[in-house]
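Have a look at the structure below, then the notes.
The values are calculated or read from the model by the stated rules, or taken from the named source; none is laboratory data. Because the structure is a prediction, the values reported are computed rather than measured. Virtual Cβ from ideal backbone geometry, glycine too; neighbours counted across all protein chains shown. To get the accessible areas, we keep the full protein, side chains included, count just its heavy atoms, and leave off ligands, DNA and RNA. Shrake-Rupley method; radii C 1.70, N 1.55, O 1.52, S 1.80 Å.
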Amino acid sequence: MIVQGVVPSRQELELEPLLDRLGQVRFKPFDPLLIDFVDALSKALMTAPREYPEIIALGYWSRRASILVYQRELASLASERVMLMPRGLAFHVPPANVDTIFMYSWLLSLLVGNANLIRLSTRESPQVEIVCAKLAAVLSEARFAPIAEAVAIVRYGHDDSITSTLSSRCDLRVVWGGDTTVAALRAFPLHPTARELSFGDKFSFSVLGAQAYLDADAAQQRQLAERFFNDAMWFDQAGCSSPRLAVFVGERGTQASLRFFATFEQVIEAKHHKVDDGHAMAKLVFSFQAALDGRIREQQRLSSELSTLTVTTLEGFSRDHPGAGLFFVAHIAQLRELVPFVTKRDQTLGHFGIAREELAAFVNALQGRGVDRLVPLGQALTFNRYWDGYDLLQEFTRKVYLE
């Protein structure tokens, strides 16, 4: 069986010898060489063209200072009786529509000592090509030769025999990309000692305190719109943590939402963000269909890149969404009114103008039925060890008990 190598080098690879090699390589968690490698990669990524802010963000996330925080956090999970060890070989299946997500899960897995094989989509993108080129360049340095032995980024078509072999040989399978991808991969059994982390379809939304927003000055409102742009538009709302619904809390919600999206439209224009014709048409058709369903109080098309649909109620709300700059808008009096709305499909809640105590009371009222992350507006796409309810540092390691 043959796969097409992408990193460390672009060449055809025999699958079995590749898996034999990867199966022999492990590191001590946060080995100094691993930290030096990720720091070198971070510096390389920070030189990416500015039109790819998601690559710059990846470089910022992987800088040495951030990695040392993760090192301390992992150390806190160990004790006299619990030793932390790598799991072995991790097989990552990232989504095709979020170009850099595979790097985050791979780097965390590598830092705790695992060997890794990442299967990229056969659909190429400028972002992935830039990241892979920079990664290959750093791995080519002589000092990082041991790490080059511990990673393989490959492409292959829909070949069940390859996927089956990879699944049977890995110690951890990490599946991104939605419910369909998760279901398809689960048809391929894992080794009995292996485990799987799966990231299915998710829905995310933002909550803004109306009065707090209106009390902000024009510069602050502009800054909030720019943060919301980063949350929503880097991946055209295709990211699982990208907001597709904006909820305004308080009596002046209508006034706040009108001002917020007017400012947001200015930010979109200033950043020269464009939606291709196909996505724009799909968004328009979706908007008309939603209006016909009778749950839309107001439909506003501010530009080809931005449309809003104000709902009459969140009861029976459908989480289907075309992305590409379409936002549902809702108005509520108090945050706790969202408790019946939340489902297990809901992932990230971006917030502004809501007190921490109120957010904590909201989480307690949910009792685990949904929402995995609550982060300030502008941090929806900021990756950390806690994702979809998992603690990835723990999931990527084995705990060995010694008494």
- Against the globular-protein guess of 2.2 N^0.38 Å, express the Cα radius of gyration of the stretch 14-131 as a ratio, rounded to two decimals. 1.14
- What is the stretch 263-306 by shape, rounded, prolate or oblate, if you read a ≥ b ≥ c off the alpha carbon gyration tensor as root eigenvalues and call it rounded for a/c under 1.5, prolate for a/b larger than b/c, and oblate otherwise? oblate
- With every protein chain present, what is the per residue accessible area of the chain (1.4 Å probe, Å²)? 45 Å²
- Message: So if I take the alpha carbon set of the chain, get Rg, then get Rh from the Kirkwood formula, what is the Rg over Rh ratio?
- Response: 0.99
- Check the chain and count each lysine pair with an alpha-carbon distance under 24 angstrom, considering only pairs eight or more places apart or from different chains. 7
- Across all Cα atoms of the stretch 150-203, Rg and the largest Cα-Cα distance (Dmax), in Å, are 11.5, 34
- Quick shape check on the stretch 230-276: root eigenvalues a ≥ b ≥ c of the Cα gyration tensor, a/c under 1.5 is rounded, otherwise prolate if a/b tops b/c, else oblate, and it reads oblate
- Round to the nearest 10 and give me the degree value, 0 to 90, for the angle of helix 218-233's Cα axis relative to the longest principal axis of the chain. 50 degrees
- Which semi-axes, in whole Å and largest first, does the equivalent ellipsoid of the stretch 313-389 have when worked out from the alpha carbon gyration tensor as the square roots of 5 times its eigenvalues? 18, 17, 14
- Item | Kirkwood hydrodynamic radius (C-alpha pairs) into Stokes-Einstein, the stretch 190-303, 25 °C and 0.890 mPa s, D in µm²/s | 150 µm²/s
- Task: Provide the gained length on full extension for the span residue 66 to residue 223, in nm with one decimal, where the gain is 0.36 nm per separating residue minus the Cα-Cα distance.
- Result: 54.1 nm
- Query: Mean projection of the alpha-carbon convex hull of the stretch 274-403 over all orientations, in nm²?
  - Reply: 11.2 nm²
- Could you work out the equivalent-ellipsoid semi-axes for the stretch 1-60, taking the square root of 5 times each eigenvalue of the Cα gyration tensor, largest first, in whole Å? 28, 19, 7
- Note on the structure: Ranking 281, 233, 85 from most to least accessible area with a 1.4 Å probe gives 281, 85, 233
- Item | Highest-first arrangement of 323-335, 391-403, where packing means the average Cβ count within 10 Å | 323-335, 391-403
- If you average 1/r over every pair of different alpha-carbon atoms in the stretch 67-124 and take one over that average, what Kirkwood value in Å do you get? 13.0 Å
- Message: Can you tell me what share of the DSSP beta bridges in the chain is antiparallel? A percent to the nearest 5 is fine.
- Response: 30 percent
- Can you give the calculated 222 nm mean residue ellipticity of the chain, where each DSSP H run of n ≥ 4 adds -39,500 (n - 2.57) and the sum is split over every residue, rounded to the nearest 500 deg cm²/dmol? -12000 deg cm²/dmol
- At 7 Å along the Cα-to-beta-carbon direction for both residue 195 and residue 272, put a label point, then send me their distance in nm to one decimal. 4.8 nm
- Item | Hydrodynamic radius (Kirkwood) for the stretch 238-318, which is based on Cα pairs only, to one decimal in Å | 14.0 Å
- Query: What is the spread of the Cα atoms of the stretch 64-188 along each of their three principal axes, largest first, in whole Å?
  - Reply: 45, 33, 24
- Provide the gained length on full extension for the span residue 399 to residue 161, in nm with one decimal, where the gain is 0.36 nm per separating residue minus the Cα-Cα distance. 82.5 nm
- Item | Label point distance in nm, residue 1-residue 73, each placed 7 Å from Cα along Cα→Cβ | 3.4 nm
- With the Cα gyration tensor of the stretch 347-403 giving a ≥ b ≥ c as the square roots of its eigenvalues, does the rule (a/c under 1.5 for rounded; else a/b larger than b/c for prolate; else oblate) give rounded, prolate or oblate? prolate
